Amino acid sequence: MGGSVGRPTVRGGGGVEDSPKVPRHLLVVSGHPGSGKTTVARQLALALAWPLVSRDDLKELLFDHLGIGDREWSKTLGAASYDLMDRTLGLLMETGAGVVAEANFSAAAARSLRTLAQRRDYAVLEVCCSAPAPLLVARFSRRAHEGQRHAGHRDADNLAEQAARVAVPYQPLGVGPVLPLDTTELPAVVFQRAEEWVAAQLGGLPTDLPSGARL
């Protein structure tokens, strides 16, 4: 897919030609735990050459610096990680760059993200990942028992809570266009569908990426 995104035309003398204002974009990748949103977000960030802000990355950094506790402690740092996410996104948006944000957004976090995008004059695109509830429970249980995530998440202590959560379909933020993405299986065709949808929304993807950066 061709076409560069959000790049001004530069004259030989170093000036920039007048051109229509290019909208600034925030790409949100959302969904329940176990829905594959982190994997999808990383692939899209790579394809777009945009920075990725993942809420779990921030939360795990807090665990590393402040220590691991019980489930309540995990929830406390989880709330703090949403605040850090907002702050990080705000700093990146000050540059006008496209940004990818990935999380299992709570209702409060979704409202905060919506406000941030409006304040920074960013258009929001959303890829909302989903899979059948039994599969989500199985994925979460497997990664809990295999220790696939940071120990601070206390996933093994959270199985019943997660099973109840995923029984209710995840609701997109609904701030802008939404792609519902079924991640029951995550072959290359799923990533390709997400990439093609984002490219259609943006009018193209960057073309000058390093070898191997495209899906």
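Here Val100 meets each of (1) within 21 Å of Ser35 (Cβ to Cβ); (2) in a loop (DSSP other than H, G, I, E, B) with one exception, condition (2).
Every residue, every condition in (1) surrounded by 12 or more Cβ atoms within 10 Å (Cβ to Cβ); (2) acidic (Asp, Glu); (3) in contact with a strand residue (DSSP E or B) (Cβ under 7 Å, 6 or more places away or on another chain); (4) in a helix (DSSP H, G or I), yes or no:
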residue	(1), (2), (3), (4)
Gln118	no, no, no, yes
Cys129	yes, no, yes, no
Gly152	yes, no, no, yes
Ala160	no, no, no, yes
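So is Gln192 closer than 25 Å to Phe63 by Cβ and in contact (Cβ under 8 Å) with a residue 12 or more places away in the chain or not? The answer is no for Gln192. Give just the number: which of (1) part of a helix (DSSP H, G or I); (2) free of Cβ contacts under 8 Å to residues at least 60 places away in the same chain; (3) surrounded by 12 or more Cβ atoms within 10 Å (Cβ to Cβ) does Leu113 not satisfy? Tallying (1) part of a helix (DSSP H, G or I); (2) free of Cβ contacts under 8 Å to residues at least 60 places away in the same chain; (3) surrounded by 12 or more Cβ atoms within 10 Å (Cβ to Cβ), Leu113 fails exactly one: (2). Residues that are among the hydrophobic types (A, V, I, L, M, F, W, C), out of contact with any helix residue (DSSP H, G or I) (no Cβ under 6 Å at 6 or more places or on another chain) and part of a helix (DSSP H, G or I) within segment 162-193 comprise Ala164, Ala188, Val189, Val190, listed in sequence order.
Restricting to segment 90-108, give me the number of residues that are touching a residue at least 40 places away in the same chain (Cβ under 8 Å), of a type outside the set (S, T, N, Q) and either within 19 Å of Gly152 (Cβ to Cβ) or surrounded by fewer than 22 Cβ atoms within 10 Å (Cβ to Cβ) (or both).
First pass over segment 90-108, keeping only residues touching a residue at least 40 places away in the same chain (Cβ under 8 Å): 92-93, 96-105.
When the remaining residues are screened for being of a type outside the set (S, T, N, Q), the result is 92-93, 96-103, 105.
Checking the rest, the ones that are also either within 19 Å of Gly152 (Cβ to Cβ) or surrounded by fewer than 22 Cβ atoms within 10 Å (Cβ to Cβ) (or both) come to 92-93, 96-97, 102-103.
Looking only at that region, the number is 6.
For Pro51, indicate whether it is within 30 Å of Pro169 (Cβ to Cβ), at pLDDT 95 or above and surrounded by fewer than 16 Cβ atoms within 10 Å (Cβ to Cβ). Please lay out each step first, then the result.
Details: within 30 Å of Pro169 (Cβ to Cβ): yes; at pLDDT 95 or above: yes; surrounded by fewer than 16 Cβ atoms within 10 Å (Cβ to Cβ): yes.
Criteria met by Pro51.
Selection of segment 181-207 for residues being within 24 Å of Val137 (Cα to Cα), surrounded by 13 or more Cβ atoms within 10 Å (Cβ to Cβ) and not small (Gly, Ala, Ser) yields Leu181, Asp182, Thr183, Leu186, Val190, Phe191. State whether one or more residues within segment 166-179 are touching a Gly at 6+ places or on another chain (Cβ under 8 Å) and among the polar types (S, T, N, Q). No, that holds for no residue.
The values are calculated or read from the model by the stated rules, or taken from the named source; none is laboratory data. Note that the coordinates shown come from a computational prediction; the quantities given were computed from them, not determined experimentally. So basically every Cβ, Gly included, is an ideal-geometry build from the backbone, and we count neighbours across all protein chains shown.
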